[in-house]
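Engineer: First, the structure itself, so that you have it in front of you.
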Amino acid sequence: MSEFCRHLMGICHEMSERRRKGGWIVRRLRYRSPVVTVLLVLSSAGCGGGPATDYSSLELLEVRGRVQLDDRPLSGATVTFESPDTSYSYAVTDQDGRYRLRLNSERTGVTPGAKLVRITTRPTAENPQGGWEELEEAPADRAAAVDRVPPRYNQQTELRVEVTESVRDMDFDLVSTQLPAR
């Protein structure tokens, strides 16, 4: 990392500390902060730009499918495939209930192996309109949103799959009512 980048990072740290403590630097830069922010972003673009992430060792598999709730496409739902180590891939269903899993914002796919599947329409970081992992600081109206998907498909999921090279199309037909005991 260059000396210039270290210097900029030090300035940013000092500004955040003084802001937290209500120091003079915030008051002095109050009207210049957009300019300072733009300069810091532009100048840090060349700082710490390490090598690109190598995803080849992950053996990612493309997984897609369709989600239906009570025989109707479930749109705007977050589908999450969670590994035993708690890593996960996710997708948001389209208007036809179709999804395609993503590892992150750069790559599609999911690692092979056993997965817990969670499907929800509650807000998440990946899907502010719906999803599984609720936002901690979501506005009250979103936090109180009722999930159209029963807990047995999300928090208390019963859905388990094995992702393999030969099994990569996975449809889920969910039922909103409790199934009768057998």
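The values are calculated or read from the model by the stated rules, or taken from the named source; none is laboratory data. Model, not experiment: these values are computed from the prediction. Virtual Cβ from ideal backbone geometry, glycine too; neighbours counted across all protein chains shown. The protein model used for the area step is the full one, side chains on, heavy atoms only, and it has no ligands, DNA or RNA in it. Shrake-Rupley method; radii C 1.70, N 1.55, O 1.52, S 1.80 Å.
Engineer: Only one of 95, 129 is modelled with pLDDT of 85 or more, among the polar types (S, T, N, Q) and within 18 Å of residue 69 (Cα to Cα); which?
Structural biologist: 95 is the lone residue from the list that is modelled with pLDDT of 85 or more, among the polar types (S, T, N, Q) and within 18 Å of residue 69 (Cα to Cα).
Engineer: Looking at residue 159 and the list (1) at pLDDT 90 or above; (2) open to solvent by less than 60 Å² (accessible area, probe 1.4 Å); (3) farther than 18 Å from residue 173 by Cβ, which single condition is not satisfied?
Structural biologist: Failing condition for residue 159: (3).
Engineer: Here are some residues: 106, 82, 14. Which one is more than 30 Å from residue 159 (Cβ to Cβ), of a type in the set (Asp, Glu) and modelled with pLDDT of 55 or more? Don't jump to the end; show me each part of the working.
Structural biologist: Working: 106 fails: more than 30 Å from residue 159 (Cβ to Cβ); 82 fails: more than 30 Å from residue 159 (Cβ to Cβ).
Going through 106, 82, 14 in turn, the sole match is 14.
Engineer: Could you count how many residues in region 103-120 are free of Cβ contacts under 8 Å to residues at least 40 places away in the same chain and either small (Gly, Ala, Ser) or buried (at least 18 other Cβ atoms within 10 Å of the Cβ) (or both)?
Structural biologist: Residues meeting the conditions: 1.
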